[in-house]
Amino acid sequence: MEDVTNSKTFSDVKKIVASAHRNTSAADKIKFYDSWASNYDQDVGILEYRAPQLAAQSLVRLFPEERSNVQVLDVACGTGLVAAQLNKYGFGIIHGIDGSKTMLEQAKEKGLYQDLKQCMMGNDPLPVVTASYNAVIIVGGLSEGQVPCSVIPELCRVTKPGGYICMTTRTNTSNITYWRQLQGMLKQLEQQGLWEQVDVQQVNEWEKAVSEEESTGSPYISGIIYLYKKCTLRQSQQT
């Protein structure tokens, strides 16, 4: 018999996701995610949120051989959806950072992270030693009302020279201003010789649209995946 208490409709989830996309204070945002943590996985499943799987697959292509020793930092890790995908593809060393203590508790329960830290991303430096990881990934955090673009240099800082940074964002109407700011920041670090672009993947069916203005011609909104490689010291000096 179906458990009615746990059944949600897409209409229910639309209201929650619309709230998540609002530009509120950092403290209010943390409270929101703390309250959402226990239902987050179920709700984004209803939303048909594909970013964790697609981003993980992008890293798989960059590390085609043995992945068990690849050190990955999952920034804005939430409940651990990205780690679940990475683990499925054989990545064995995954650390996570998020602003929500309750989200981190959910992530810990999955047993996929060797280390989890709380941090107000974009406001504070990442609590990580410089050049620590073979790959850094941030999925879902880079968008209007979420993690500010000021976190981008930190993602590069904590990556090892020659390592990779995978970033995603929405390209729908409500996120256009943020997306442009993000593109500017990505280009700025490239011009400084800190990293080079490896790939850009545009995705038409990112997740279900939660408003009529976003669903013009399709029930889904679009998104994009950026892949960058951190330059070595020699490459930086040659730029």
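The values are calculated or read from the model by the stated rules, or taken from the named source; none is laboratory data. It should be emphasised that the depicted structure is a prediction, and the values quoted were computed from it without experimental measurement. We place every Cβ from the backbone using ideal geometry, glycine too, and count neighbours over all the protein chains shown. These accessible areas exclude ligands, DNA and RNA; they are computed on the full protein's heavy atoms, side chains included. Shrake-Rupley method; radii C 1.70, N 1.55, O 1.52, S 1.80 Å.
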Residue check, N69 under 27 Å from T130 (Cβ atoms), open to solvent by 50 Å² or more (accessible area, probe 1.4 Å) and not hydrophobic (A, V, I, L, M, F, W, C): yes
Take the range 16-40 and flag every residue that is more than 15 Å from S100 (Cα to Cα) and at pLDDT 85 or above. I16
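Please pick out the residue among E66, E48 that is in a loop (DSSP other than H, G, I, E, B) and touching a Lys or Arg at 6+ places or on another chain (Cβ under 6 Å).
E48
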Residues located in the range 94-103, provided they are buried (at least 22 other Cβ atoms within 10 Å of the Cβ) and in a helix (DSSP H, G or I): M103
Tell me, yes or no, whether the range 85-93 has at least one residue that is in contact with a Ser or Thr (Cβ under 9 Å, 6 or more places away or on another chain), part of a strand (DSSP E or B) and closer than 18 Å to V203 by Cβ. no
Does E109 qualify as being over 26 Å from K208 (Cα atoms), open to solvent by 70 Å² or more (accessible area, probe 1.4 Å) and part of a helix (DSSP H, G or I)? yes
Being open to solvent by 20 Å² or more (accessible area, probe 1.4 Å), over 20 Å from I30 (Cβ atoms) and of a type in the set (G, A, S) narrows it down to one residue among A135, A131; which is it? A131
For V60, are the conditions met, namely being of a type outside the set (S, T, Y), buried (at least 22 other Cβ atoms within 10 Å of the Cβ), touching a residue at least 12 places away in the same chain (Cβ under 8 Å) and within 20 Å of D199 (Cα to Cα)? no
Would you be able to tell me the number of residues in the range 174-227 that are surrounded by fewer than 14 Cβ atoms within 10 Å (Cβ to Cβ), modelled with pLDDT under 95 and in contact with a helix residue (DSSP H, G or I) (Cβ under 7 Å, 6 or more places away or on another chain)? 1
Candidate set from the range 142-173 (those that are farther than 21 Å from F63 by Cβ and assigned to a strand (DSSP E or B)); member that is farthest from the chain's Cα centre (by Cα): R170
